[in-house]
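Student: Below you'll find the structure I mean.
The values are calculated or read from the model by the stated rules, or taken from the named source; none is laboratory data. Since the structure is predicted, the reported quantities are computational estimates derived from the model, not experimental observations. Cβ atoms come from the backbone with ideal geometry, glycine included; neighbour counts cover every protein chain shown.
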Amino acid sequence: MNRQLFNGSSDEEIQITLSTSGEVFASPLLLGFLETFPIEQYPNARFRIQTNGLLLKKRWNRISHLRDKIDLTPRQ
């Protein structure tokens, strides 16, 4: 997914919202997207993740390199 959508670079602000209908930390596709996102090429990217938090502690280490770029929104 990253190679198809983010194959260049940009200093533009980019807001990416993940999983409004599922759980990011349970999805191999979405978690893999975050793990391999080329943040060096898109330094102003921001991620909004909706989560119920159940797998957050267990899988946070896989995306912790993006910690300053992520806004977590608990599911209501």
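Student: Look through the range 23-48, keep the residues that are among the acidic types (Asp, Glu) and over 14 Å from residue 7 (Cβ atoms), and return whichever of them is modelled with the lowest pLDDT.
Tutor: That would be 23.
Student: Among the residues of the range 4-33, write down those that are under 11 Å from the mean Cα position of the chain (by Cα) and closer than 11 Å to residue 69 by Cα.
Tutor: 15, 16
Student: Sort through 8, 53 and tell me the only one that's at positive phi and modelled with pLDDT under 90.
Tutor: Step by step, each of 8, 53 is checked, and only 53 is at positive phi and modelled with pLDDT under 90.
Student: Taking the range 11-22, which residues are surrounded by 12 or more Cβ atoms within 10 Å (Cβ to Cβ), part of a loop (DSSP other than H, G, I, E, B) and either at pLDDT 85 or above or of a type in the set (A, V, I, L, M) (or both)?
Tutor: Scanning the range 11-22 gives no hits.
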